[in-house]
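The values are calculated or read from the model by the stated rules, or taken from the named source; none is laboratory data. Everything numeric in this text was worked out from a predicted model, so none of it was measured. Neighbour counts run over all protein chains shown; Cβ positions are idealised from the backbone, glycine included.
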Amino acid sequence: MNNRMMSVTALFTLWLGGLMAGLAQAACLGDPNATRRHEVYVVPQLTPPVLLANWAPLLEQLGRQTGLCFELRVAASIPDFERALLSGQPDFAFVNPYHAVMAKQTHGYLPLVIDSQQKLSGILMVRADSPIQSIRELEGQTIAFPAPNAFGASLLIRSQLAQQGIRIQPKYVKTHANVYRAVILGDVLAGGGVNNTLKRESPVVREQLRLLYETPGHAPHPFVAHPRVAEHLRETVITTLLKLGDNEAGRRMLDAIQIPSPMRADYARDFLPLESLQIEKFLVKNEKP
């Protein structure tokens, strides 16, 4: 894929994303007769068209089965998403693991479900033909990350590089998809992502990248709820999501949102251990978009 083609594709994706976001955010996904709408925010790891295509069918099905109406919100950037989350705006949200910690500490958000099969790991990718063989060769280099507070794709990787005394210059490019393409185009020597987003890229993208480094695994992204959502509604959402995994159509929708084998989440088991990682000093608060 040449540079011009990728640039044209990126511009079209951006335009289409804005159009789809406007349409989706005006729509009620689920039961149109529900007494209120519940806002659902999704961390923008990927482009808006991909997120909307993945989440709208799931929320439509979930809403119809639970009698709820969901309003899907896709923020323009991860910092924009964080500002909404940490202000307590979403009723429900799909968040990275450390967002779950931050949201629990600020507003008491409760994790509902996570995937039971695959841990989340941060990955550092280089071009497939790159001569770089060790992370120590990244000393002083510019490395792409989606955003400062992306957990696996940024916080974990930056903290581990720092622990090994490797100084880098971070470049934040908004999404995981942008990171992978920045590496392919040679804008940066390496970029941070996570295993779950890389495997959802097309073969054309994956075959141009090579894994340089992978962090230890942690609990994956959870679907969380604000405590203002009534307990019986939270329980209904949990049981319905678990039941969706019982049939092929439901499993396809769950796989698209990175929860292919859902199980009930537990904060103490899944996310409390993250509080001991001591990555707070790598957080960037009130980051401008």
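Hey, among the residues in segment 182-199 that are surrounded by fewer than 18 Cβ atoms within 10 Å (Cβ to Cβ) and not acidic (Asp, Glu), which one's farthest from Ala256 (Cα to Cα)? Restricting to residues being surrounded by fewer than 18 Cβ atoms within 10 Å (Cβ to Cβ) and not acidic (Asp, Glu), the top hit is Gly186. Taking segment 37-69 as the range and being in a strand (DSSP E or B), touching a Pro at 6+ places or on another chain (Cβ under 8 Å) and under 23 Å from Ala100 (Cβ atoms) as the test, the residues that pass are Glu39, Val40, Tyr41. What are the residues in segment 184-200 that are under 20 Å from the mean Cα position of the chain (by Cα), outside any helix (DSSP H, G or I) and under 22 Å from Arg158 (Cβ atoms), if any? Of everything in segment 184-200, those that are under 20 Å from the mean Cα position of the chain (by Cα), outside any helix (DSSP H, G or I) and under 22 Å from Arg158 (Cβ atoms) turn out to be Ala190, Gly191, Gly192, Gly193, Val194.
So which residues in segment 238-282 are assigned to a loop (DSSP other than H, G, I, E, B) and either touching a helix residue (DSSP H, G or I) at 6+ places or on another chain (Cβ under 7 Å) or charged (D, E, K, R) (or both), if there are any at all?
Of all residues in segment 238-282, those assigned to a loop (DSSP other than H, G, I, E, B) come to 245-247, 257-261, 265-266, 271, 277-279.
If the condition is that a residue be assigned to a loop (DSSP other than H, G, I, E, B) and either touching a helix residue (DSSP H, G or I) at 6+ places or on another chain (Cβ under 7 Å) or charged (D, E, K, R) (or both), then Gly245, Asp246, Ile257, Gln258, Pro260, Asp266, Phe271, Ile279 are the ones that fit.
Considered as a group, the residues in segment 70-83 that are of a type in the set (A, V, I, L, M, F, W, C) and part of a loop (DSSP other than H, G, I, E, B) include one that is surrounded by the fewest Cβ atoms within 10 Å (Cβ to Cβ), and that residue is Ala76. Candidates Gly88, Gly67: the one that is surrounded by fewer than 17 Cβ atoms within 10 Å (Cβ to Cβ), at pLDDT 90 or above and in contact with a His (Cβ under 6 Å, 6 or more places away or on another chain) is Gly88. Give the residues of segment 27-51 that are surrounded by fewer than 23 Cβ atoms within 10 Å (Cβ to Cβ), free of Cβ contacts under 8 Å to residues at least 40 places away in the same chain and not hydroxyl-bearing (Ser, Thr, Tyr), sorted by residue number. Asp31, Pro32, Asn33, Ala34, Arg36, Arg37, Pro49 - these are the residues of segment 27-51 that are surrounded by fewer than 23 Cβ atoms within 10 Å (Cβ to Cβ), free of Cβ contacts under 8 Å to residues at least 40 places away in the same chain and not hydroxyl-bearing (Ser, Thr, Tyr). Filtering segment 142-179 to residues that are part of a loop (DSSP other than H, G, I, E, B), buried (at least 24 other Cβ atoms within 10 Å of the Cβ) and small (Gly, Ala, Ser) leaves Ala147, Ala150.
Given the condition assigned to a helix (DSSP H, G or I), outside the structural domain of Tyr41 (by TED's automatic domain parsing) and surrounded by 13 or more Cβ atoms within 10 Å (Cβ to Cβ), answer yes or no: does some residue in segment 204-227 qualify?
Taking every residue of segment 204-227 in turn, at least one turns out to be assigned to a helix (DSSP H, G or I), outside the structural domain of Tyr41 (by TED's automatic domain parsing) and surrounded by 13 or more Cβ atoms within 10 Å (Cβ to Cβ).
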